[in-house]
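The values are calculated or read from the model by the stated rules, or taken from the named source; none is laboratory data. Just so it is clear, the model here is predicted, and its values are computed rather than measured. Glycine gets a Cβ as well: all are built from the backbone with ideal geometry, and neighbour counts include every protein chain shown.
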Amino acid sequence: MSEVLVLAETTSAGVRKPTLELLTAARALGEPAAVVFGEASDQVVAQLGEYGATKVYAVSSPEMQEFLSLPKAEAVVQIAQAAHPVAVLVTSGPEGKDIAARVAVRLNAGILPDATAVSLEGDSVVGVQTVFAGRYQAKSRVERGPAVVTMRPNATAAEAAPAGAQVEQVDVSVGDNAKGARVASREPKVSTGRPELTDAAVVVAGGRGVGSEEGFQVIEKTADALGAAVGASRTVTDQHWAAHELQVGQTGKTVAPSLYVAAGISGAIQHRAGMQSSKTIVVVNKDAKAPMFQIADFGVVGDLHAVLPALIDEVAKRKG
Amino acid sequence: MKIVVLVKYVPEPTATWKFAPDYTVDRAGVEGRLSELDEYAVEQAAQLAEKGVADEVVFLTVGPAKATEGLRKALAIGGTSAVHVVDDAIKGSCALGTSLVLAKALEKVGYDLILTGMASTDAELSVVPQMVADRLGINQATFAGEVSVDGSSVSIRRDTDVATERVDVALPAIVSVTDQTGEARYPAFKAIMGAKKKPITTMSLADLGLDASQVGWPAASTTVIDVSPTPARTAGTIVTDDGTGAAQLAGFLADRGFI
């Protein structure tokens with residue numbers, strides 16, 4: 001069976017969930033082989049093996065962190081040229097897109113950005129992409145491989161399938177032209193204690209209807225009552241009522257949680273594009289005509305500043 | 001410094017789009033506009049010209065004849081001139097093909113800094129800028145939420161899922177900007193009229209030294225084999241809050257196992 005290269009993202013807490021999703025998706029195409037930049041600790045290797053990686057390529061050159069994206073793209077190209085994988089899977093995101101695009105040009109290979117599913121049809125890799133602000137599903141066949149696919153987080157559920165991962169150290173030569181973009185500083189995001197927005201099973205998001213920075217606190221309190229991550233519409237982040245990284249939508253994060261609570265969000269297509277694959281959608285809005293109600297599984301026409309505090313009380317009551 | 005801004009003329013996001021049998025968008029039936037996400041790049045270029053950092057700003061687009069409308073909009077915001085690559089053979093190009101056309105056009109036009117939006121609002125791929133960079137052998141700094149330029153380098157801030165990065169790149173380079181960089185100005189009537197006098201040069205594939213086999217359908221590395229509308233969500237229960245809205249909502253959440 002052919003290899004499928006899976007670019008692993010790791011933090012101090014181990015392998016990120018989107019990488020486990022990639023490994024799960026990769027198993028439909030071939031044998032997953034993870035590429036780890038930096039130290040491949042025993043914990044990381046074990047976790048990758050748990051989700052089906054039979055091989056781990058460990059690339060530890062310091063250039064990988066010092067410069068933006070390009071050294072990693074070179075490493076992937078060099079590994080791919082030796083391993084002849086059927087596909088290269090990357091998580092969608094700024095770095096993932098950077099790497100995938102460069103790899104596709106160097107290998108003259110077809111690329112499917114932001115895929116939500118991948119499969120093999122005959123010998124060809126086929127991917128599904130959500131296009132036009134989420135209104136259509138396009139299915140595309142890669143004509144020249146290896147298929148370079150960036151996958152949206154949360155599109156597939158990560159499922160374990162234990163395999164014994166063998167580590168292979170890879171020496172990569174990084175050319176000077178890959179060192180043009182120096183990372184001057186990299187500040188890890190400060191943990192809020194809440195789940196990460198793109199990983200969360202429940203998201204509570206606030207829009208224009210919160211009214212102010214203070215008004216946004218009711219969103220945070222509701223999120224904490226439900227064990228949820230906090231999201232926001234673009235109006236809220238533009239007004240600095242909440243941090244930009246909480247923005248859900250076309251120019252922010254794409255989420256697909258089990259439950260999405262949209263409070264005071266009217267539901268412009270740019271916002272819906274980022275959350276409409278959520279399994280259950282709850283809407284609270286004063287305006288009964290808000291487009292968001294059209295995609296609601298349950299909606300309350302009312303003032304979020306009355307409904308949400310009462311909901312927090314109800315949750316506390318039911319939890320006893 | 002010469003700045004070239006890559007812009008795309010896209011179908012109006014709020015219009016009803018139709019697909020042709022070959023799964024391309026039936027552009028004849030849909031209003032078009034300058035991609036909103038490219039307007040941020042146009043605005044950044046206009047500001048750099050006002051600050052005296054750039055002495056020439058050129059807008060470059062690849063698209064159908066009507067794409068000149070998008071260029072006129074950009075020229076009303078700022079800039080000196082525009083280049084429109086138009087050729088029937090380009091239709092059906094994948095990202096690789098599009099990046100090849102752009103790279104050849106950029107070689108012809110000349111550049112120190114290339115700016116563009118973080119994505120188009122139609123295809124939303126966010127991979128063409130990096131492909132152009134690779135073909136030109138230049139640096140890239142993508143998804144910039146903040147941009148500053150001095151004579152020989154660009155510094156950007158970008159946010160990933162796990163970190164905020166500050167990145168310095170030496171020119172020549174391509175930089176894609178997000179909506180964090182600031183809304184484009186609304187052009188005044190005088191600027192709109194003035195834009196009509198700015199020159200737009202048209203180029204064909206032959207002008208770029210490319211032939212039809214290198215782009216479009218023949219060279220496509222991916223083929224769309226099916227397009228279907230996302231299934232509509234079934235209408236849910238909507239209640240008007242009469243003081244019991246929260247209790248009813250809690251009941252719904254409990255039924256679904258969320259509480």
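All conditions but one from (1) part of a loop (DSSP other than H, G, I, E, B); (2) more than 10 Å from chain A (Cβ to nearest Cβ) apply to B:Gly243; the one that does not is (2). Screening the range A:290-320 for residues that are more than 8 Å from every other protein chain (Cβ to nearest Cβ) and not in a helix (DSSP H, G or I) and picking the one that is surrounded by the most Cβ atoms within 10 Å (Cβ to Cβ) gives A:Ala290. Considering the conditions (1) under 26 Å from B:Val101 (Cα atoms); (2) more than 11 Å from chain B (Cβ to nearest Cβ); (3) of a type outside the set (D, E, K, R); (4) in contact with a Pro (Cβ under 7 Å, 6 or more places away or on another chain), A:Pro71 is excluded by exactly one of them, (4). Annotation: of all residues in the range A:268-282 being at the interface with chain B (Cβ under 8 Å from one of its Cβ atoms) and hydrophobic (A, V, I, L, M, F, W, C), the one that is surrounded by the fewest Cβ atoms within 10 Å (Cβ to Cβ) is A:Ile269. Taken together, A:Ala33, A:Ala82, A:Ala28 contain a single residue that is farther than 29 Å from A:Thr251 by Cβ and touching a Phe, Trp or Tyr at 6+ places or on another chain (Cβ under 7 Å), which is A:Ala33. Take the conditions (1) touching a residue at least 24 places away in the same chain (Cβ under 8 Å); (2) closer than 13 Å to B:Gln248 by Cα; (3) not charged (D, E, K, R); A:Gln276 misses just one of them, which is (2). So is B:Ala254 loosely packed, with under 14 Cβ neighbours inside 10 Å, of a type outside the set (D, E, K, R) and part of a helix (DSSP H, G or I) or not? Answer is yes for this residue. Considering only residues of the range A:104-143 that are among the hydrophobic types (A, V, I, L, M, F, W, C) and outside any strand (DSSP E or B), which is farthest from the other protein chains (Cβ to nearest Cβ)? So the residue we want is A:Leu107.
Candidates are the residues of the range A:144-178 that are of a type in the set (D, E, K, R) and surrounded by fewer than 16 Cβ atoms within 10 Å (Cβ to Cβ); the one that is nearest to the other protein chains (Cβ to nearest Cβ) is A:Asp176.
Listed here are the residues, each with its yes/no results for (1) surrounded by 13 or more Cβ atoms within 10 Å (Cβ to Cβ); (2) over 24 Å from A:Thr130 (Cα atoms).
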site: B:Thr201; (1), (2): yes, yes
site: B:Ser204; (1), (2): yes, yes
site: B:Asp207; (1), (2): yes, yes
site: B:Asp211; (1), (2): no, yes
site: B:Gly216; (1), (2): yes, no
site: B:Ala220; (1), (2): yes, no
site: B:Val224; (1), (2): yes, no
site: B:Thr237; (1), (2): no, yes
site: B:Asp242; (1), (2): no, yes
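The residue of the range A:3-18 that is surrounded by the fewest Cβ atoms within 10 Å (Cβ to Cβ), among those that are in contact (Cβ under 8 Å) with a residue 60 or more places away in the chain and in contact with a Leu (Cβ under 8 Å, 6 or more places away or on another chain), is A:Leu7. Within the range B:213-236, the set of residues being within 8 Å of another protein chain (Cβ to nearest Cβ) and either in contact with a helix residue (DSSP H, G or I) (Cβ under 7 Å, 6 or more places away or on another chain) or farther than 30 Å from A:Val315 by Cα (or both) comprises B:Ala220, B:Ser221, B:Thr222, B:Thr223, B:Val224, B:Ile225, B:Asp226, B:Val227, B:Ser228, B:Pro229, B:Thr230, B:Arg233. When the range A:31-57 is filtered for residues that are over 27 Å from B:Asn139 (Cβ atoms) and either hydrophobic (A, V, I, L, M, F, W, C) or not assigned by TED's automatic domain parsing to the domain that holds A:Glu9 (or both), the ones remaining, listed by number, are A:Ala33, A:Ala34, A:Ala40, A:Val44, A:Val45, A:Ala46, A:Leu48, A:Ala53, A:Val56. Among the candidates A:Ile269, A:Ile265, single out the residue that is in contact (Cβ under 8 Å) with a residue 60 or more places away in the chain and closer than 16 Å to B:Arg233 by Cα. Going through A:Ile269, A:Ile265 in turn, the sole match is A:Ile269. Of the strands (runs of 3 or more DSSP E) that lie entirely inside the range B:124-212, those containing 1 or more residues that are within 14 Å of chain A (Cβ to nearest Cβ) span B:139-144, B:146-149, B:153-159, B:163-170, B:173-177. Scanning the range A:102-121 for residues that are closer than 16 Å to B:Cys94 by Cβ and crowded, with 22+ Cβ neighbours inside 10 Å turns up A:Arg102, A:Val103, A:Ala104, A:Val105, A:Ala109, A:Gly110, A:Ile111, A:Leu112, A:Pro113, A:Asp114, A:Ala115. Residue pairs whose Cβ atoms lie under 7 Å apart, sitting 6 or more positions apart in sequence or on different chains, and linking a residue in the range B:82-97 that is on the phi > 0 side of the Ramachandran plot and in contact (Cβ under 8 Å) with a residue 40 or more places away in the chain to a partner that is assigned to a helix (DSSP H, G or I) and among the hydrophobic types (A, V, I, L, M, F, W, C), are B:Gly92/B:Trp217. Taken together, A:Gly264, A:Gly231, A:Gly249 contain a single residue that is surrounded by 24 or more Cβ atoms within 10 Å (Cβ to Cβ) and closer than 15 Å to B:Asp179 by Cα, which is A:Gly249. Within the range A:187-206, residues that are surrounded by fewer than 16 Cβ atoms within 10 Å (Cβ to Cβ) sit with their Cβ atoms under 9 Å from residues that are among the basic types (Lys, Arg), at 6+ positions apart or across chains, in these pairs: A:Glu187/B:Arg166.
Conditions (1) at pLDDT 95 or above; (2) in contact with a strand residue (DSSP E or B) (Cβ under 8 Å, 6 or more places away or on another chain); (3) buried (at least 19 other Cβ atoms within 10 Å of the Cβ), marked per residue:
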| residue | (1), (2), (3) |
| --- | --- |
| B:Glu31 | no, yes, no |
| B:Leu48 | yes, yes, yes |
| B:Val83 | yes, yes, yes |
| B:Gly92 | no, no, no |
| B:Val101 | yes, yes, yes |
| B:Lys108 | yes, yes, no |
| B:Ile114 | yes, yes, yes |
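So for the range B:8-18 (the condition being crowded, with 17+ Cβ neighbours inside 10 Å and at pLDDT 95 or above), does at least one residue qualify? Yes, the range B:8-18 contains at least one residue that is crowded, with 17+ Cβ neighbours inside 10 Å and at pLDDT 95 or above.
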